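*Asks:* Mind having a look at this structure? Questions to follow.
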Amino acid sequence: MGAAQSLGTRWSNAFLDSMRQQTDPAADHVVAELFRAGQVGAVNQLMRALVDNDGLPADSLPPVVLDYLRDSGRLPEWADAALIAAGERVFWRYGPAAIAILHCYSLPYCYAGAKGVKVLALTARLSSNPTRRIIETAQMMVDVLRPGGLGALGTGIRSAQKVRLMHAAVRLLIGQSGLWRAEWDLPVNQEDMAGTLMAFSWTTIDGLRRLGYPVSDPEAEAYLHCWKITGHVLGIREDVLPVDFGDAGALSRRIPERQFAACEEGRLMNDALVKMLQHYLPGDLFDRVPAILMRFFLGDATCDILGVDTVREGRLVMAPVEALARMKGSLIQGSTEIARVHELFGRALIGAIMLAARGGARPPFTIPTELLETWGINWLP
């Protein structure tokens with residue numbers, strides 16, 4: 001990728017406003033072709049196939065979809081195998097903590113965007129079935145960052161292709177619904193997709209570092225590189241992908257300034273997430289942990305937008321963590337109980353997601369056995 005153009009002013013209102021009027025022509029073309037061919041039912045069938053299947057059932061997909069899958073799975077020229085491997089190692093080392101951060105930082109970050117969250121609310125399955133949302137989100141992270149996930153026909157590539165096509169189907173169906181308002185800009189637009197990508201990448205590293213995990217600058221860049229590749233496969237434009245981790249931080253801070261605002265949809269989505277976590281985590285030991293971590297990561301202003309409970313003890317518990325994280329050394333290398341609690345919470349959360357994924361019409365949640373062993377998670381299916 002080329003050098004950054006004026007990093008200080010790159011994420012201007014003018015540029016990001018223009019990206020709210022851009023979607024994904026390649027994926028939109030696939031769905032539009034189905035519609036133009038009179039296959040209105042095929043769009044709904046495609047959406048159901050994407051929702052109900054962990055993979056992409058090739059034998060039931062139209063030729064235009066198969067062509068898309070062939071063409072969209074190519075990695076960009078700037079993909080670096082060494083950086084991909086280094087990014088995978090970050091996840092190997094900090095996976096349970098990263099998955100906990102995903103649900104207590106990254107997802108609420110997305111829900112606070114008042115315009116973008118309208119898409120999730122209109123696709124009712126996401127708000128009415130938070131279990132599926134949690135499983136799919138965690139699975140996306142595992143698919144991308146497991147060993148070989150971004151290789152040829154890797155799980156990360158397939159998962160990104162599926163999500164990209166689902167975005168296009170959502171755009172078409174929302175457009176037909178008559179419920180979308182022009183002031184929300186285009187559904188699943190380039191800025192919103194970039195914001196979601198930052199929620200999977202930058203916020204994870206930011207969360208790890210704020211908890212005191214010793215993530216080096218090269219490791220942060222490698223982790224971001226994996227997600228930039230994923231963003232490319234997802235249809236995010238090259239000029240909307242951050243140049244480096246510092247640029248990603250600038251974008252991750254700029255979007256909240258522009259988009260975070262109180263709305264009923266965001267509060268409902270986040271409330272469903274918190275209740276889901278409390279329901280599946282064992283006993284009542286972790287009931288207050290999601291709210292404590294959300295306020296720690298996102299701050300009171302954003303959590304007030306989302307209606308996150310204020311836990312009086314939360315500030316007393318977490319304030320020393322930030323101070324310690326700034327000191328030389330790390331919480332993980334030290335002996336603090338906070339690090340142990342966070343690790344325990346992450347492992348319990350993974351076990352809870354695996355339990356929630358069992359049975360019924362829910363998609364399975366799969367993690368390579370070697371990762372479970374490395375993370376110290378004993379699971380018998």
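*Asks:* Multiply the residue separation of residue 264 and residue 66 by 0.36 nm, subtract the distance between their alpha-carbon atoms, and state the gained length in nm to one decimal.
*Replies:* Net length gain for the segment: 67.4 nm.
*Asks:* For segment 77-220, what is the relative contact order in percent, using Cα pairs closer than 8 Å and at least 6 residues apart in sequence?
*Replies:* After rounding, I find 34 percent.
*Asks:* Among 11-20, 286-295, how do they line up from the highest to the lowest mean number of other beta-carbon atoms within 10 Å?
*Replies:* Sorting 11-20, 286-295 by mean packing, highest first, produces 286-295, 11-20.
*Asks:* A further question on this structure: So if each residue of separation counts as 0.36 nm, and I subtract the Cα-Cα distance between residue 278 and residue 35, what length gain in nm does that give?
*Replies:* 83.3 nm
*Asks:* Within segment 90-186, report the chymotrypsin sites (Phe, Trp or Tyr not before Pro) that DSSP leaves as loop and that have at most 14 other Cβ atoms within 10 Å.
*Replies:* The qualifying sites: there are none.
*Asks:* So if each residue of separation counts as 0.36 nm, and I subtract the Cα-Cα distance between residue 257 and residue 239, what length gain in nm does that give?
*Replies:* 4.5 nm
Bear in mind that the values in this text are calculations on the coordinates, not laboratory data. For clarity, every value in this text was computed on a predicted model and none was experimentally measured. Cβ sites come from the backbone with ideal geometry, for glycine too, and all protein chains shown count toward neighbours.
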